[in-house]
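Taken together, the values in this text are just the output of simple stated rules run on the coordinates, not laboratory data. Owing to the predicted nature of the structure, the values given are computational and were not obtained by experimental measurement. All Cβ positions, glycine included, derive from the backbone under ideal geometry; neighbour counts span all protein chains shown.
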Amino acid sequence: MATDTMASSDRKKAVTSYDVAALAGVSQSAVSRCYKPGASVSKKMRAKVEQAAKELGYEPNALARSLITSRSNSVGVIISNLTNLYYPEVLAQLSRQFSEQGIRVLLFALESESEADRALSQIWQYKVDGVVCAAKLTKDQIAEFAGRDIPLLFYNRQAGSHAASAVCCDQAAGTEFMVEGLIRAGHRSFALLKGPRDSVVGAEREESARATLSKAGITDLIELDGDFSYEGARDAIRHMMDSKVATPDAVICANDVSAIGAIDTLRNEFDLEVPDQISVVGFDGVGPSSWASFGLTTIRQPVRRMTKAAVDMILERVETPELANEKRVFSGIFVRGSSARIIEG
């Protein structure tokens with residue numbers, strides 16, 4: 001018993017913001033402002049508080065702060081595993097920008113875009129302040145966010161007329177620009193390497209490619225099933241080449257990873273010269289697309305600008321729930337690589 005009492009008395013008393021305020025000679029509210037992201041604090045005040053906190057070994061208690069503000073200071077990010085190489089860059093940007101605002105990111109990864117129910121049940125449990133979603137949700141699922149007063153923002157997905165904001169790259173315009181360039185360069189037969197069946201982004205790009213070809217009067221189109229992956233592209237190209245159909249002039253791929261898989265397969269397994277014998281284009285602008293071995297012609301998404309808009313928009317709606325939903329659309333950036341013969345308009 002004596003040992004327990006001694007151990008208890010030896011424990012360090014937790015340092016509070018009031019202790020820091022007393023040592024720094026400022027109010028407790030001033031200390032709180034110093035640890036609140038975005039709060040207005042003079043350099044002199046911040047220096048005094050930081051020095052006092054360092055001397056006392058003080059660290060602000062995020063849990064206690066969230067109880068006071070009735071917020072978790074966290075946001076959920078929902079993505080599909082099939083989004084592949086593009087989303088690590090998006091996640092890195094979102095995490096950095098949310099962190100600068102003192103917000104934690106909880107990641108919920110789906111095997112496919114249509115499997116959101118399990119993630120949503122966890123999101124309700126964690127009581128996040130808002131959600132950035134890069135996957136497909138039903139109308140009822142979107143309505144549940146509104147019913148729970150949790151701001152929802154779709155990243156690179158159209159929210160349609162439903163109760164959610166959105167940040168998007170203009171998939172249709174980017175695809176149209178690239179397909180028109182292929183047509184101007186003399187391509188007349190095409191293969192369309194598609195994405196997963198439940199991918200909203202893939203569907204938008206594919207529809208734009210079909211519409212652009214149809215507008216130009218081109219009907220020679222082979223449609224290949226894919227899943228945004230390197231392996232899926234390899235299998236699709238093998239199937240096309242083994243089926244003895246005429247080799248198309250160009251392959252339009254739903255994303256960069258598929259385009260990289262297509263290039264490798266066409267070159268290494270079928271001895272075709274890219275782009276002399278066949279052109280290949282992608283979409284996204286992932287890191288490996290610029291490697292010398294691929295030199296992919298693609299549309300790069302402005303990730304930093306898009307993620308900055310997403311962070312600003314979701315936090316604005318956390319602070320001011322009555323704000324109307326908003327949609328921001330960003331133009332993709334054409335990247336001329338060595339994988340396609342293309343003439344810009």
Full-stretch length increase - SER95, TYR18 - with 0.36 nm per residue and alpha-carbon distance subtracted: 24.6 nm
Per-residue [θ]222 nm for the chain (sum of -39500 (n - 2.57) over DSSP H runs n ≥ 4, rounded to 500): -13500 deg cm²/dmol
For q = 0.17, 0.21 Å⁻¹, Debye-computed log10 I/I(0) when each Cα of the stretch 171-301 counts as one equal scatterer: -0.80, -1.30
Per-residue Cβ neighbour rank within 10 angstrom, fewest leading, LEU221, LEU23, LEU152: LEU221, LEU23, LEU152
Cα coordinate range in the stretch 287-345, projected on the principal axes (Å, largest first): 50, 26, 10
Residue-count net charge about GLN277 - beta-carbon cut-off 12 Å; Lys, Arg +1, Asp, Glu -1: -2
Estimated FRET transfer efficiency when R0 is 22 angstrom, pair ALA211-HIS239 (beta carbons, to 0.05): 0.30
Three principal axis lengths of the chain [C-alpha, angstrom, descending]: 87, 46, 41
Cβ-based net charge around GLY287, under 11 Å, with every Lys or Arg adding one and every Asp or Glu removing one: -2
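Applying a 10 Å radius around every beta-carbon, put 176-185, 238-247 in order of their mean neighbour count, most first.
For the peptides 176-185, 238-247, the packing ranking is 176-185, 238-247.
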Cα-Cα separations in the stretch 217-259 greater than 17 Å, expressed as whole percent: 29 percent
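Would you tally the net charge around GLY226, using a Cβ to Cβ cut-off of less than 9 Å, leaving GLY226 out, and scoring K and R as +1, D and E as -1?
After counting each charged neighbour, the total is -2.
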